[in-house]
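Worksheet: the structure to be examined is printed underneath.
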Amino acid sequence: QVQLVESGGGLVQPGGSLRLSCAASESILNINVMGWYRQAPGKQRELVAAITSGGNTNYPDSVKGRFTISRDNAKNTVYLQMNSLKPEDTAVYYCRAFKSGGNYWGQGTQVTVSS
């Protein structure tokens, strides 16, 4: 069982930046893929960034060039740097871990982009 704890959400103005953190309860070297997802009210949860244990990353077009996922293996933490934020980025952001035997979710952190 992997425990994931997200932090770093909050209220930011359009054009601003936030960095989200996802701390795992075990070494992320044991986790095949770490991902960030988001869910806005009335919408389906969607992937916003993923990173493999080898460091390969993947982003949808909606955030490409604005969001960056990274990992600190020593801290068992994955980050999501979000720049040039837009009101449509408003959502609850979740961390997800994929490993052999299952996948795990964090509790989510709210990001609100508004003036």
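The values are calculated or read from the model by the stated rules, or taken from the named source; none is laboratory data. Please read these numbers as outputs of a predicted model, since none were measured by experiment. Neighbour counts are summed over all protein chains in view; Cβ atoms, including those assigned to glycine, are modelled from backbone coordinates with ideal geometry. Surface accessibility is based on the protein's heavy atoms, side chains included, excluding ligands, DNA and RNA. Shrake-Rupley method; radii C 1.70, N 1.55, O 1.52, S 1.80 Å.
Scanning segment 105-115 for residues that are open to solvent by 10 Å² or more (accessible area, probe 1.4 Å), under 27 Å from G55 (Cβ atoms) and in contact with a Ser or Thr (Cβ under 9 Å, 6 or more places away or on another chain) gives a single hit, T109. No other residue among T77, T90, T57 is in contact with a Pro (Cβ under 9 Å, 6 or more places away or on another chain), at pLDDT 95 or above and under 15 Å from W36 (Cα atoms) apart from T90. For A97, the criteria (1) small (G, A, S); (2) at negative phi; (3) modelled with pLDDT of 95 or more; (4) over 11 Å from the mean Cα position of the chain (by Cα) hold in every case but one, which is (4). Limited to segment 1-19, what total is found for residues that are β-branched (V, I, T) and within 13 Å of S115 (Cα to Cα)? Total satisfying the criteria: 1. Pairs are defined by a Cβ separation below 6 Å, a sequence spacing of at least 6 or placement on different chains, a first member in segment 77-99 that is within 17 Å of R66 (Cβ to Cβ) and open to solvent by less than 40 Å² (accessible area, probe 1.4 Å), and a second member that is not in a strand (DSSP E or B) and not charged (D, E, K, R); the pairs so defined are L85/G16; A91/A40. Within segment 30-51, not a single residue is among the hydrophobic types (A, V, I, L, M, F, W, C), open to solvent by 60 Å² or more (accessible area, probe 1.4 Å) and at pLDDT below 95.
Just wondering, is there one or more residues in segment 11-20 that are in contact with a Pro (Cβ under 7 Å, 6 or more places away or on another chain), open to solvent by 60 Å² or more (accessible area, probe 1.4 Å) and touching a residue at least 40 places away in the same chain (Cβ under 8 Å)? Yes - at least one qualifying residue is present in segment 11-20. The number of residues in segment 61-115 that are under 23 Å from N30 (Cα atoms), assigned to a helix (DSSP H, G or I) and among the charged types (D, E, K, R) comes to 1.
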